[in-house]
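Note sheet for the following structure.
Values in this text are rule-based calculations from the coordinates and carry no lab data. Here the structure is a predicted model, which is why all the values come from computation and not from measurement. Cβ: placed from backbone, ideal geometry, glycine included. Neighbour counts: every protein chain shown.
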Amino acid sequence: MKLADMEPVLTRIAAWDYSQARDPLYEFSGFLRAAIAAQSELPQIEARLLRMLAPQAAVTLAGRDYVCRELSVIGTAASVAVLARMLTDPTTADTARYALARIPVPEAADALRNALQAAPAEVQAGIADALGERRDGNSVVALTGLIASSDAGVAIAALTALARIGDEKALAAIESAAPNAAVRREEVLRAWVRCAGAVAAGGDKATAKSIYQRLIAPNEPAMIRIAALEGLAAVDAKAALPVLSRELGSTSSEIQAAAIRLLNRVPGAGVTALFQKRYPGLSLMGQVRVLSALADRGDRSALPSVAAAVKSATAEVRTAALAALGKIGDASSVSTLAAAAANAPAEEQAAARESLAMLRGVDVDAAVAAAIASSTGKTKLELIRAAGERASSESADVLMQTVQAPEAEAALAAIRALRNAASPEQAPALLDAVMKIGDATQRREAAMTLASVMKRARKPAIGSVLAAFRSSADKPIKLTLLDVMGQVSADEALPVLRASLKDPDPDIARAAILALTAWQTPAPLPDLLELAKTESNATRQILALRGYIKVVSVPSERSAGESVALLKQVWPLAKLLAERRALLALLPLYPTAEALRMAEAAVGDAAVSREARTAADTIRGLGVQ
Amino acid sequence: MKKNQFLLISVAIAALGGCPATAQSMKLEPLPIALPKPLFEGTPLPPNVPNLERQSNKLRPPFLAPAGTVNVALHKPVSSSDTDPVIGSLELITDGNKAGTDGTYVELKSGVQNVVIDLESKCVIYAIMVWHFHKEARAYAGVVVQVADDPDFISNVQTVFNNDINNETGNGMGKDMRYVETNEGKLIDAKGVEGRYVRLISNGSDKTAANHYIEVEVYGKPVR
């Protein structure tokens, strides 16, 4: 596309206002991106845009603003005169200086500098800012003169610009002008410390260091001292260490926090040792911060100090120490953390629990397992919980033993922990536990754990469950095992479940339907369909139909059309409102013309017409007609 | 007279075989609902979802129920469509702990899930309190609460709350509004329905597809 093709767009931009759609702007920017890549037409484009900035041009302020932004990208020395003229008008000065700050030719800086002195105060600050953005060293003298301006905004803008320029002259200008500045001393110091940063970035670290050392004096404002400490640590970490070490004992909480943070950036055992040495003499907050810093360092040489801090008389310190143990603790920390998790107040308990779960080290899991075996009461419960959260396979055996133990609470906790900790190899032991547990709640939990663990195997060994089911005469156990078969969904169990559907005991037959309902593949669909069609017992017919509807929704490789056909064949069987609603809820999952027809046909059924209409609307919304 | 007072007296009349004198003398008392501490961290951002109830900055007024009404769900067994919760265990739903902090809630898998509380005997139910998750301003979707006589929800099924406006859960379209979770929980006026099993359904929230329950309380009395 050529510039001439963009004339209609430029006409729209000329009339454009902020309240209007930005379409023409997007269109021209797209054209410009392509032109920048091609380069050849850029001079003509620049000239055309400059004509839009002529005083007599019929272009809105918003349109001129857009043009200036584009000139900031493609502008050359050819744009400078037009933009410089705009600097004298407060209504266009901001947009002009935006472009002049970015056009990478020295003439642009000259234009800004020349306009600086004569500009009104509201424009001066913006021009000073633009010169700072350009880091124009030739403007230092002009900007220095503005530090004493009676307009605080202008003075601060001049200081900020000098700080950004960041050369030796700018630095000297800020320092020498400080006594005459019309603004607060802190503003000057802020510019000074910032300028030192720019000087250091330019390579003169020695000069920057001397400034930082002056600005860390105790009588300077806290925020300036913190910035100077950060600067000093960046330019000369070695020189900063004694200063930061001294500030560890600062009475200012902010400075102490900064010193700890900066010290913590220094690697090595030296800082860890320093933290430990100074820890006893620190304030409460200082101790808490140092403990967190030690945790972040991950240096296990600090473990004795952190372990000692767990016995502090102050709750905040104890909490921080317990949290730190999670990061630098080892097997020796297990008993301390378990005791706190069992007996400490809520915040300490939460920190201890989290640390118990995250403790690292090859022997930690073994320590947890040993502690489970040797502990009692709440401490044992916490350790069992930790073993579960750690998914600690080393604890699986001791957890299995706990399942058989007489303490009901510990047994239940162990059953739950085994859900993460046990591997499929433990399934026989878990099944044994399911068969022996007398308490209904524990047995149900154990069955869930058994199913969860068996599902982890690529080919679940369901045979042992089937054998146990066949050999057991205990009805609650049989019901539990049917539930497990459903959760595991191994095809070898289907014949047993099919036989159970015909069991004379209604509870067994019901449990078999529910097991098929829980199936994770479409395999039992024919069984459930047959039952939904032929079952004479109303409850079981409804359960079978619900099971069928649920299993249809299980992810499969069927096409949407095939799924709809499956749903369609049970629609006449759905006598109750609940099943018809459930069927209608599934239709939008298979957005086909047949699904739409089904939904539309159901609109005439007053009991479900709203649901049918919603389903039809949703399917249509998915593009099906 | 507040709406729920009127309804409760009506229920009482029905329950007592239409003996107005006795019914009118039935003493109503505020439910003893204890609220957990607020847990919002930072500025709660209101969910951007349709059919959302306007949040009130006032405390919920006391809910009156016949004297002697208690939480009949406390420590009662809970089952779920998700037999292997992602976080926590189902018993947390009726353990009496509504704190909402880690370790006090159960997280069920994504999508439509339900929990069923077995009250272990048929009860007359005046109110149901639900705390899904009150650590942030969430609005759960497809919240449906039903009461039935049987665990399969076939016999005497009564829906006491339904904010599923699109039938996404397959339980029909409801007219109730979605609401923002807070430490106040959601009070559902059950209007004296009778049943043994209480089923709560949800379909994730505006923040996550998973489903959460901190606590469910069912305020009622066993049917004699």
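Tabulated values for the structure
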quantity: Residue order, fewest to most surrounding Cβ atoms within 10 angstrom, among B:105, A:98, A:18, A:548; calculated: A:18, A:98, B:105, A:548
quantity: For the protein assembly as shown, with +1 on Lys and Arg beta carbons and -1 on Asp and Glu, the positive-most of A:592, A:141, B:106 along the dipole; calculated: B:106
quantity: Fewest-first ranking of A:478, B:191, using other Cβ atoms within 10 Å as the exposure measure; calculated: B:191, A:478
quantity: Residue-averaged beta-carbon neighbours from other chains (10 angstrom radius) around A:536-545; calculated: 1
quantity: Nearest 10 degrees, 0 to 90: helix B:3-15 Cα axis against chain B principal axis; calculated: 50
quantity: Check: the protein assembly as shown dipole with +1 on Lys, Arg Cβ and -1 on Asp, Glu Cβ, in debye; calculated: 620
quantity: Length gained when the stretch residue A:185-residue A:251 is fully extended (0.36 nm per residue, less Cα-Cα span); calculated: 21.5 nm
quantity: Candidate aspartates and glutamates - alpha carbon under 16 Å from residue A:277, same-chain residues fewer than 8 apart omitted; calculated: A:247, A:299
quantity: Hits among aspartates and glutamates - C-alpha to C-alpha of residue A:2 under 12 Å, sequence gap 8 or more where chains match; calculated: A:41
quantity: Subset of B:186/B:207; A:169/A:238; A:502/A:533; A:380/A:455; B:98/B:191 violating a 21 Å alpha-carbon distance limit; calculated: A:169/A:238; A:380/A:455; B:98/B:191
quantity: Lys/Arg +1, Asp/Glu -1 at C-beta; segment A:330-422 dipole; positive extreme among A:370, A:414, A:338; calculated: A:414
quantity: Estimated vicinal HN-Hα couplings, Hz - segment A:569-582 in sequence order (Karplus 6.51, -1.76, 1.60; Gly, Pro = x); calculated: 6, 9, 3, x, 7, 7, 7, 8, 4, 4, 6, 5, 5, 5
quantity: Burial ordering of A:2, B:135, fewest other beta-carbon atoms within 10 Å first; calculated: A:2, B:135
quantity: Structure-based [θ]222 nm, the protein assembly as shown - -39500 (n - 2.57) summed over DSSP H runs of at least 4, per residue, nearest 500; calculated: -16500 deg cm²/dmol
quantity: Using alpha-carbon coordinates, inclination of helix A:121-134 to the longest axis of chain A, degrees; calculated: 70
quantity: Residues of type aspartates and glutamates that residue A:205 reaches as a straight line, Cα spacing below 20 Å, ignoring anything fewer than 8 places off in the same chain; calculated: A:167, A:168, A:175, A:230, A:236
quantity: J(HN,Hα) series, segment A:253-263, from Karplus relation 6.51 cos²θ - 1.76 cosθ + 1.60, nearest Hz, glycine and proline x; calculated: 4, 5, 6, 4, 4, 5, 4, 5, 4, 6, 4
quantity: Karplus-derived HN-Hα couplings along segment A:466-478 (A = 6.51, B = -1.76, C = 1.60, θ = phi - 60°), whole Hz, x at Gly and Pro; calculated: 5, 5, 5, 4, 5, 7, 8, 10, 7, 4, x, 5, 4
quantity: Test item: B:148-159 mean partner chain Cβ contacts at 10 Å; calculated: 2
quantity: Nitroxide proxy distance, nm - points 7 Å out along Cα→Cβ at residue A:556 and residue A:81; calculated: 8.0
quantity: Rounded to the nearest 20 debye, dipole of segment A:330-422 from Cβ charges on Lys, Arg, Asp, Glu; calculated: 200
